[in-house]
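Colleague: Questions regarding the structure given below will be posed in turn.
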Amino acid sequence: MFTKAYKYAKKGGTIISHKIIGIIMDITEVDIEALIPDPENARTHDDKNLAAIRGSIKQFDVVEPLVVQRSSNIVLGGNGRLEVMKSLGFKSVPVHYVDIDDKKAKALALALNRTAELAGWDMERVKEQLAEIDDPELIGFGDDFGKIEEDDFNFKEPKDRKSTRLNSSH
């Protein structure tokens, strides 16, 4: 159930090695039952989020490895994907192991979840791209997308400007 790159590059347990800026990143196929969901995971995954992950995996296959602390087999990045892959019957999954102590593992787990959250959205580009996608709901952009509040996308109005929302009075 991995992408073609994973399938064809698999050799001796290591699926593929990427060299990025002089750093080699090994991705290994691991028995899904050997992995431990992070018992201290601060990120939550509601049904809507898990459905979006499920839709993405069904549509695109697995395109990103889980990040796992080697010494404990605890998943630091990808706990939602792990849950979905288990529910879909995966027997093995791509993993990138990190050799870090518990304190750094906690920091990495938080960072992996927080960094994407801090990014902004170019709403015009999002709308243009969604118009080209056959089933945006499958990846988490349903009919409620236009009803999402600006705060959900980390928009902040300048302090020196009055609100431009339609229901505000000028």
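The values are calculated or read from the model by the stated rules, or taken from the named source; none is laboratory data. Since the model is a prediction, treat every value here as computed from it, not as a measurement. In this analysis, Cβ positions are derived from the backbone assuming ideal geometry, glycine residues included, and neighbour counts consider all displayed protein chains. Accessible surface is based on the protein model in full, side chains and every heavy atom, while ligands, DNA and RNA are left aside. Shrake-Rupley method; radii C 1.70, N 1.55, O 1.52, S 1.80 Å.
Colleague: So Y6 clears everything in (1) of a type outside the set (G, A, S); (2) at pLDDT 90 or above; (3) buried (at least 17 other Cβ atoms within 10 Å of the Cβ) except one condition, right? Which one?
Modeller: (2)
Colleague: Of N41, N49, which residue is more than 29 Å from D99 (Cβ to Cβ), touching a residue at least 60 places away in the same chain (Cβ under 8 Å), surrounded by 12 or more Cβ atoms within 10 Å (Cβ to Cβ) and touching a helix residue (DSSP H, G or I) at 6+ places or on another chain (Cβ under 9 Å)?
Modeller: Only one candidate qualifies: N49.
Colleague: From the list E124, E149, exactly one residue is modelled with pLDDT of 75 or more, open to solvent by 100 Å² or more (accessible area, probe 1.4 Å) and over 24 Å from R70 (Cβ atoms). Which is it?
Modeller: None of the others qualify; the one that does is E124.
Colleague: Ok, one more. Could you tell me which of the residues I100, I20, I27, I15 is touching a helix residue (DSSP H, G or I) at 6+ places or on another chain (Cβ under 7 Å), at pLDDT below 95 and more than 29 Å from F141 (Cα to Cα)?
Modeller: I15
Colleague: Would you confirm, using the coordinates I've provided, whether P94 is open to solvent by less than 40 Å² (accessible area, probe 1.4 Å) and of a type outside the set (V, I, T)?
Modeller: When the stated conditions are applied, P94 passes them.
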